[in-house]
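These notes are about the structure you will find just below.
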Amino acid sequence: MDETLDRLGASIKVGLPASVTGHAVANGELTLFAKASDIVKVVTFLRDDSACQFVCIIDITAIDWPGREQRFDVVYHFMSPRLNQRIRLKITTDENTPVPSIIDVFRGADWFERETYDLYGVLFTGHPDMRRILTDYGFDGHPLRKDFPLTGFVEVRYDDEQKRVVYDKVRLAQEFRSFDFLSPWEGTDYPLPGDEKAVPTPPAQPQPTPGNKLAGEPDKKAAP
């Protein structure tokens, strides 16, 4: 299987030498790396070439790497029902550089590109309806970015006086805490609040009974 995928990746690289920068096979899956500016050309080749026939788009998503200059990997997944093969296509971009939309090649990419824009902030040029699709239209930020706060920026509530839903800044009743879900029967490796008050009690020593007789010791008869 891996040899077949490797040959397929090599043949695509030969067919698009200026657009495809490389390929890799891992865990029985083929990943293709391409230039973002040539994404439409690459997916058209994957759909129309007789050795590929990836006519079905499965998904478009992204991966955020905040420490990189090109912080986003935009990831496309395609399937070829005729060849019973799948392929993953990766390109890179930053926060400000838009990616050409592939909606003219795969109409099903419409909502996938909108979702990637909504959750990661990746822009797509040529998309006819680049709006948010999962969050509200007035939502601030992109929730799947690594630098997006866990609590978000605003909270939604119903206002009885205004008789409508309103947005307020997030107000935490207490500071954010990190909970420990270890089993209480196993104990923890660190002291808990109040442990410093506990003073270990030494084990009780047996006390001799009158006549220097210890509890449980048999009676000794005096010698005649």
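The values are calculated or read from the model by the stated rules, or taken from the named source; none is laboratory data. Model, not experiment: these values are computed from the prediction. Every residue, glycine as well, gets a Cβ built from its backbone with ideal geometry; the counts of neighbours run over all protein chains shown. Just the protein is used for accessible areas: all its heavy atoms, side chains included, with ligands, DNA and RNA removed. Shrake-Rupley method; radii C 1.70, N 1.55, O 1.52, S 1.80 Å.
Counting protein heavy atoms only, segment 1-122 has 51 percent of its accessible area on carbon and sulfur, 1.4 angstrom probe.
Annotation: extensible slack from N27 through V154 equals 41.6 nm (criterion: 0.36 nm per residue apart, minus Cα-Cα distance).
For segment 1-142, averaging the sequence separation of C-alpha pairs within contact (under 8 Å, six or more residues apart) and dividing by the residue count gives a relative contact order of 18 percent. The slack in the chain from I133 to Q205, taken as 0.36 nm per residue of separation less the alpha-carbon distance, amounts to 18.5 nm. Label separation (V14 vs D147): 4.4 nm, computed from points 7 Å beyond Cα along the C-beta direction. Summary of packing: across the peptides 143-156, 39-52, the per-residue average of other C-beta atoms within 10 Å ranks them, highest first, as 39-52, 143-156.
Take the Cβ atoms of K163 and N96, set R0 to 35 Å, and the FRET efficiency comes out at 0.30.
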